[in-house]
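To start, the structure itself, in structure tokens.
The values are calculated or read from the model by the stated rules, or taken from the named source; none is laboratory data. Treat the numbers as computed from the prediction; the structure is a model and nothing was measured. Ideal geometry is used to build each Cβ from the backbone, glycine not excepted, and the neighbour counts take in all protein chains shown. Protein only, heavy atoms only, side chains kept; ligands, DNA and RNA dropped before computing areas. Shrake-Rupley method; radii C 1.70, N 1.55, O 1.52, S 1.80 Å.
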Amino acid sequence: MAKFLGTIFGFIRALPILIAYMLCKPILGQMRAFSAASERIGRLPGFLGVYARQCFYKTLLSSVGVNVYFGFMSVFSKAQATVGDRVYIGRFCSIGWAEIGDDVMLADGVQILSGRHQHGQTAAAGTVMRDNPQEFTKVTIGAGAWIGAGAIVMADVGPRAIVGAGAVVIKPVDANAKVGGVPAKPLGM
């Protein structure tokens, strides 16, 4: 009964933010309106905030599974992201274009970027970095993977892999691997 009530009240709390998103989308564009709404929904505290984020992301992300926990101040920047069943996303996470498998756990402060070269590398000589064309690629987090606090992930992480706290993943991580460090290196299987 508590979960049912949480879902109802979460929907009621998310509704104004969803409406604001729909109104802003034609003016700001889909990407900017989504980022702004994601930041707003992320600020809602407590379990009501968790239920509101569940409702919000089930409505706007490509796919969200069942029993997903979205922590306080965690945001998505790309609506193309997908989240599997029984995923735990800790507090203060930032997620771009990602495919997150079932039973994944993200500790607090994890960043999953939309690939490794988001700002491109093809601008003409004499131009500034912001003039580079942006290049977004999907990052896949395999089923059952654990990502430690403060890790930055820019490449795929295989199923049941463990990424240590504070690690920076710039190359794909194999299934069942344990990695840590900057840049992330194998720690064993």
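Among the residues making up the range 62-77, those that are open to solvent by 10 Å² or more (accessible area, probe 1.4 Å), of a type outside the set (G, A, S) and in contact with a strand residue (DSSP E or B) (Cβ under 8 Å, 6 or more places away or on another chain) are V64, Y69, V75. Considering the conditions (1) modelled with pLDDT of 95 or more; (2) under 23 Å from S62 (Cβ atoms); (3) surrounded by fewer than 17 Cβ atoms within 10 Å (Cβ to Cβ), T137 is excluded by exactly one of them, (1).
Yes or no, residue by residue, for (1) open to solvent by less than 50 Å² (accessible area, probe 1.4 Å); (2) within 21 Å of A149 (Cα to Cα); (3) at pLDDT 95 or above:
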site: G6; (1), (2), (3): yes, no, no
site: S35; (1), (2), (3): yes, no, no
site: A79; (1), (2), (3): yes, no, no
site: V87; (1), (2), (3): yes, yes, yes
site: Q111; (1), (2), (3): no, yes, yes
site: S114; (1), (2), (3): yes, yes, no
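Only a single item in (1) within 19 Å of L5 (Cα to Cα); (2) open to solvent by 20 Å² or more (accessible area, probe 1.4 Å) is not met by Y57, and it is number (2).
For the range 149-172, the tally of residues that are within 15 Å of Y88 (Cα to Cα) and in contact with an Asp or Glu (Cβ under 7 Å, 6 or more places away or on another chain) stands at 1.
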